[in-house]
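Read through the structure below, which is laid out as structure tokens, and then see the notes.
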Amino acid sequence: MKRLFLFTLVSLCISATAFAADSASISGRVLDPSGNPVARADIHLDQSTGAAFLFTAAAPDGAYSFAAVAPGDYLLEASAPGLSLKQPASVHLRGGETKQLDLGLILSAKRSQVTVTSAATPQSVDQTSKALYVVNTEEAERRGLFTVSDSLRLVPGLRITTRGGPGSFTTIQTRGLRATDTAVLVDGFRLRDATGVQGDASSFISDLLLVDSSRIEVLEGSGSSLYGTNSIGGTVNIITGQGGGPLHGDLDLQGGGLGLFRGLARIAGGAWHNRLTYSGGLAHLNETQGVEGGTPARNWSGQGSINYALTPAIRMGARLMADTDYLQFQAIPYPVNAPALTFIPAIPLSAAQLRLANRGLPFDTTGATFVPSLNDPDARRNGHFVTGLFHLDDQVTPRFSWRLYYQSAGTHRDNLDGPLGPVGAYEPSFHTSDLYDGHVDTVQARADYIAAPWQIITAGYEFEREHYQNFSTDANPDPAGRVYSLINIVQRSNAAFAQDQMQLFSGRLLVLLSGRFQNFQLNTPLFVGGISPYAGFPLPSPSNSYTGDASVAYFIHRTSTKLRSHVGNGYRLPSLYERFGTYFFGGAFTAYGDPRLSPERAISADAGLDQYLWGQRLRLSGSFFYTRLQQVIAFDTLGLITPATDPYGRYGGYFNTGGGIAHGVEVSGEFRPTRSTAIDASYTYTNARDRVSEFTTGTGANPIQTPRIIPHTVTLRATRQFGKRLEAALDFVGGSDFLYPLYGLAYRFDGPRQLGLSASYTVPLSDRTNIRFYTRISNTLDQQYYDDGFLTPRRWAVGGIRFSF
């Protein structure tokens, strides 16, 4: 630590003396296709190695400027509604230089031209050699959406599952794989729950609101060589707004169906000629009724960032995302009158019988094959999570920069239950509490070096400390039978990673190579309340992880065609729960975790093309993908694990086994015929098969279709602006039937037919302020749709008002 501090101090001194009086500047005007100035256009200046991300907004006459900029290579991007640059401008700034550069915008299907997730450094869309999709959060909010998960539903290859209304448990699956195979990042750093069953981000996803995100980038395919565990099938990166430019913000109030109320306040800007930039927001969601009155939810969320330039070359900043939430659970759906079929048609209780069941009255199951989620008045969750990131960026020379990060992510969750649940559901005899506390601390140091005009080399080191604690109690009036147990586990890891980006043949060929090594150390766990079932046994640390990644893209500028290919392997670290999960009963722990588990491993490949037509107004994309899960972690429900063969005396539990495969095709198109009209559409075919299935009885076949995965999915989004004030949009998600297990039986559920309609009317108050009135109707077709056997909202609507300045 002393050497690190000394190195940091020396570097800061060198940078301060070298660049304090040797900065550059760039300015110009933003013009539309007719040569007229574009007011309030967004302009981004991103340092090629990622050491600086600068933002400003064009003045009413289209003028923009960036002052006191460190010398080096940059990507300059500008955009306005319906307009963007043909491609980001590559700019080299020398010390003391004052550059003048006007930016001409065109009609384009591109919405965001510079991304950071594909290579962990800024790249233009044309430079990206992987399958990458960008979600414009402002556009999603204009359609009345307010959650991260809802804004992702139209992304090709993604499957979003929500067990009820907003705030209910939600998962993201990528390209036919499991929810655990998709990593969630915030500004390039993992967001995951150390106390989760699989140690992923699934417990957070339902609580992620659109608060202060500038965009969401979705990388499909392996990403473990860049981002570590869970990034097997895909990576979702939530980018926090960086602020900058003149003071601006929003106040938003929304209410309507499901007893929903939402409020949002957001502010951003810069000071001292953007030497200080800031952005932040606070949102509140209160869903008082939910689906069938059984899923009320509350949520307070905050997100923001602040950055300060000590010198043009040295920047420091912090980012914060926090949430506190409440959710009422429903009971797990269960089979009734199940016929002896391989695949059972999912026929729910009638609406009248469901209402009786939710009131605790006798109900008739005639004609139904399953009882959907019923209200459970005393099953609920109280929780919160906080993740904060501090960073220090130093551009030592125009070709060399280094960055230091520290992220802390903590979660607290209390799952409460009692005996008041519905008839037919398993309920405890007394009130119970399962309290989970987890923490993940990450330190990362990385350096980027521009070895040549066509090559950027990155190398770094990462340390992570993971802490898991579970405290369980109940209200048994008999002290001798009362549950009182605690488990405390700590794990550490060290990782080294490297990446090489090369642009060859005048930028037509892009090659990206990356690799990562990671090892792990596990502390002896602490068990309180009973004897540890793992006492007296050696506790091996997880085996080392080696991941690599290679991607290639070739650009045919004459036809505006990009050919790309990507291959890599990924891994998922066994969660601490999978390694030491137990059941506490009668004063003793019963094990179902296995400390010997090895990481899950997978290899994936994809190939595709991106084609621009009609002067970039039309963008067509197609990809073929394939993923093989070489080794996974499964839970034995077939009696394969017995005390006779297991050293921990387990009956069932977690074990390593071979995995399945997923392959398919994604086809998408983005069309912008005019500045006021945009149309996006996609089709995804997915064939996903598990080797060890969650379907334990009645299937008659293995491998079998992966649960939740929809083989055929189509999406459509269309927006149209009528004049300067009125805007209308529609979005649609449709899919074929899919399978899901209820107590091991394979049920076939109808696919989604979800149509959303939205409209807004904007009243300008001045050049910089306006009020927008908007409404949205979700599930306009009133489909009775079930996710995991849980009833989702029928047709419902919200309305709102937003003041922007």
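Brief remarks on what is shown
- Residue satisfying all of: in segment 352-382; over 29 Å from N415 (Cα atoms) and among the aliphatic types (A, V, I, L, M); nearest to the chain's Cα centre (by Cα) among these: A368
- Residues that are open to solvent by less than 20 Å² (accessible area, probe 1.4 Å) and closer than 17 Å to G570 by Cβ, drawn from segment 589-622: L597, P599, E600, A602, S604, D606
- S84 falls short of the stated requirement of being surrounded by 22 or more Cβ atoms within 10 Å (Cβ to Cβ), among the polar types (S, T, N, Q) and touching a helix residue (DSSP H, G or I) at 6+ places or on another chain (Cβ under 6 Å).
- Taken over segment 747-774, the criterion of being more than 18 Å from T713 (Cα to Cα), more than 26 Å from the chain's Cα centre (by Cα) and in a strand (DSSP E or B) is satisfied by Y747, A759, S760, Y761, T762, V763, P764, N770, I771, R772, F773, Y774.
- Taking every residue in segment 403-425 that is closer than 12 Å to F385 by Cα and pairing it with any residue that is charged (D, E, K, R) and in a loop (DSSP other than H, G, I, E, B), at least 6 positions away or on another chain, the pairs with Cβ-Cβ distances below 9 Å are A409/R192; A409/D193; T411/D193; R413/D193.
- Total residues in segment 364-375, condition open to solvent by 10 Å² or more (accessible area, probe 1.4 Å) and closer than 14 Å to A425 by Cα: 1
- Test result for A797, closer than 24 Å to V211 by Cβ, at pLDDT 95 or above and in a strand (DSSP E or B): yes
- Qualifying positions in segment 532-588 - farther than 29 Å from S493 by Cβ, open to solvent by 30 Å² or more (accessible area, probe 1.4 Å) and at pLDDT below 95: I556, H557, R558, T559, S560, F585, G586, G587, A588
- Scan of segment 288-307 for residues that are buried (at least 18 other Cβ atoms within 10 Å of the Cβ) and either basic (K, R) or more than 30 Å from Q407 (Cβ to Cβ) (or both), ordered by number: G290, V291, E292, G294, T295, P296
- Hits in segment 272-287 (condition: open to solvent by 30 Å² or more (accessible area, probe 1.4 Å) and not charged (D, E, K, R)): W272, H273, N274, L276, Y278, L282, H284, N286
- Scope segment 787-805; condition over 30 Å from H248 (Cβ atoms), surrounded by fewer than 21 Cβ atoms within 10 Å (Cβ to Cβ) and among the aromatic types (F, W, Y); matching residues: W796
- The one condition in (1) open to solvent by 30 Å² or more (accessible area, probe 1.4 Å); (2) at pLDDT 95 or above that G360 fails to fulfil: (2)
- The one condition in (1) open to solvent by 30 Å² or more (accessible area, probe 1.4 Å); (2) within 27 Å of D323 (Cβ to Cβ) that E427 fails to fulfil: (2)
- Options R564, R558: the member that is of a type in the set (K, R) and outside any strand (DSSP E or B): R558
- Taking every residue in segment 188-207 that is under 23 Å from Q242 (Cα atoms) and pairing it with any residue that is open to solvent by 10 Å² or more (accessible area, probe 1.4 Å) and at pLDDT below 90, at least 6 positions away or on another chain, the pairs with Cβ-Cβ distances below 7 Å are G188/V116; G188/A120.
- Scanning segment 719-739 turns up one or more residues that are of a type in the set (D, E, K, R) and under 27 Å from I661 (Cα atoms).
- Filter pass, D126 being modelled with pLDDT of 90 or more and open to solvent by 30 Å² or more (accessible area, probe 1.4 Å): no
- The listed residue being in contact (Cβ under 8 Å) with a residue 60 or more places away in the chain and open to solvent by less than 10 Å² (accessible area, probe 1.4 Å), out of Q47, Q100: Q47
- Hey, R192 of a type in the set (D, E, K, R), open to solvent by 10 Å² or more (accessible area, probe 1.4 Å) and not in a strand (DSSP E or B) or not: yes
The values are calculated or read from the model by the stated rules, or taken from the named source; none is laboratory data. For clarity, every value in this text was computed on a predicted model and none was experimentally measured. Counting neighbours? That spans all protein chains shown, and the Cβs are built from the backbone with ideal geometry, glycine included. Keep in mind that these areas ignore ligands, DNA and RNA; they rest on the heavy atoms of the full protein, side chains included. Shrake-Rupley method; radii C 1.70, N 1.55, O 1.52, S 1.80 Å.
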